[in-house]
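The values are calculated or read from the model by the stated rules, or taken from the named source; none is laboratory data. Since the model is a prediction, treat every value here as computed from it, not as a measurement. We place every Cβ from the backbone using ideal geometry, glycine too, and count neighbours over all the protein chains shown. When the accessible area is computed, the model is the full protein with side chains, heavy atoms only, and any ligands, DNA or RNA have been set aside. Shrake-Rupley method; radii C 1.70, N 1.55, O 1.52, S 1.80 Å.
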Number of protein chains: 2
Amino acid sequence: MSSPYEAAVQRLIDSFGRLPGIGPKSAQRIAFHILKTSSKDVSELIDAIDFAKSNVHFCEICFNLAQESQCAICSSNSRDRSIICVVEEPKDMVAIERTSEFKGLYHVLQGTISPIDGIGPDQLRISELLKRVTQSQDLTQDLDLTSQVVEVIVATNPTVEGDATGMYIARLLEPFGVKVTKLASGLPVGGDLEYADEITLARALEGRLVYA
Amino acid sequence: MSSPYEAAVQRLIDSFGRLPGIGPKSAQRIAFHILKTSSKDVSELIDAIDFAKSNVHFCEICFNLAQESQCAICSSNSRDRSIICVVEEPKDMVAIERTSEFKGLYHVLQGTISPIDGIGPDQLRISELLKRVTQSQDLTQDLDLTSQVVEVIVATNPTVEGDATGMYIARLLEPFGVKVTKLASGLPVGGDLEYADEITLARALEGRLVYA
């Protein structure tokens, strides 16, 4: 026989095998778990997938994941609307939120510019970022100054694609007089000089600080 | 906020995180994949889970996974019904099928005796194995001799629990005059003496063969 499993079991294994980071062995393990576990737990999994898929959309402002038309951060009154932090994915936003250091808004690009994968600026939410910045400047000519965007922090990943995307965004926003900053590169806290790669160490040297 | 994600997203991450071998990072990655991917692919995953869960049962003879009341192997006419190979899980059966060396039937224990996990012989399909062996002997007194079980090959994993379970089964079947064998332990083909652990090497010595 071509597949040693019954068709339904093989189909279940294949379905899990298509998820990211799940190889054939893990897919098999998960499939057996599903078949062994209580129907209640399996229904809960199916419901969670179904509910999330039908109720989670992108925030109309920042393109973070949202259950309403705007995400919890964009609709919050306690955030500083003058600073936008640009990230690649929702999980990067979560990482920054965990620091509790940032009180501004976000903008989720949903990827990075990567010509190899056929992803150019148009596939990302870059034009929407530009619109947010320019619209805030128009509005504030008549209205409150507090919602004018004064700084955009580019928090893309410190990779070739992330850096290139950041550079692209910085050049794009240049004409609009908004301050564009990027995250500092350097040694991770608790890290060890000996184990730092050359590029990280070079960046740490380049960005060296004077003792206050 | 306690969870930085929307409730539906967090619930999706948690649901995947409960599957075996999926840590928090993988669960997050899978959840984002689900939210990004087409609804068609997600429906296919849900259907596969649902269909398998409602249509896959245990084979009434060998307790392998089956879509009908009997699995494909038990209902096949081309298998040798006089030899039963006892395995722990369906995936072990699949591993043996891959060798194309075995043409008999299987018996899936659905685990091993493991007092630490509270699993005794009664939680496994051992009594059902005994019944298969004894019933085949009864039947063959009047009927065909071909379906009498003459050999039980114990193919549990070469672990403490697997070996103990095998030993238990061998003792249990002793009074019924059926031949009980176990898989050979020794050096894996393509392996290296230098890297073999002592126990494997000791077993290889113990089970040494005379050149034919």
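A few notes on this one:
- Rounded to the nearest 500, the 222 nm mean residue ellipticity of chain A from helices alone is -13500 deg cm²/dmol, with -39,500 (n - 2.57) taken per DSSP H run of at least 4 residues.
- Translational D in µm²/s for the range B:7-55 (Stokes-Einstein at 4 °C, 1.567 mPa s, Kirkwood Rh from C-alpha pairs): 113 µm²/s
- Each residue of the range A:114-129 was assigned a 3J(HN,Hα) from its phi angle through the Karplus expression (A = 6.51, B = -1.76, C = 1.60, θ = phi - 60°), giving 8, x, 4, 8, x, 9, x, x, 6, 7, 9, 8, 6, 5, 5, 5 Hz with x at Gly and Pro.
- For the range A:81-143, the set of trypsin sites (Lys or Arg not before Pro) satisfying both a DSSP loop assignment and a count of at most 15 other C-beta atoms within 10 Å is given as A:Lys103.
- Peptide A:22-33 has a mean of 4 when you count, residue by residue, the C-beta atoms of other protein chains within 10 Å of its C-beta.
- Cβ-based charge dipole, the range A:78-210, positive-most Cα from A:His107, A:Gly190, A:Thr200: A:His107
- A 1.4 Å probe over all protein chains sorts B:Ile119, A:Ile13 by accessible area into B:Ile119, A:Ile13, starting with the largest.
- Near-label residues of the range B:1-42 by backbone N, under 15 Å of a point 7 Å along Cα→Cβ of A:Ser78: B:1-4
- For A:Leu187, inter-copy label distances in nm, listed shortest first [label point 7 Å out on the Cα-Cβ vector]: 4.9
- q = 0.19, 0.21 Å⁻¹, the range B:78-210: log10 I(q)/I(0) [Debye, one scatterer per Cα]: -1.16, -1.30
- Chain B residue nearest by beta-carbon to the axis mapping B to A, with distance in Å: B:Ile46, 3.
- Computed over chain A: relative contact order in percent, which uses C-alpha pairs under 8 Å that are six or more apart: 13 percent
- Calculated diffusion of the protein assembly as shown, Stokes-Einstein form, Kirkwood radius summed over Cα pairs, 25 °C and 0.890 mPa s, µm²/s: 92 µm²/s
- For the residue pairs A:Lys91/B:Lys40; A:Lys182/B:Lys36; A:Lys53/A:Lys179; B:Lys91/B:Lys131; A:Lys53/A:Lys131, the alpha carbons lie more than 30 Å apart in A:Lys53/A:Lys179.
- Shortest first, A:Leu205 label-point distances to identical copies amount to 5.6 nm, with the label point at 7 Å from Cα along Cα→Cβ.
- Sorted shortest first, the distances from the A:Ala164 label point to those of the same residue in the other copies are 5.8 nm; each point sits 7 Å from Cα along Cα-to-Cβ.
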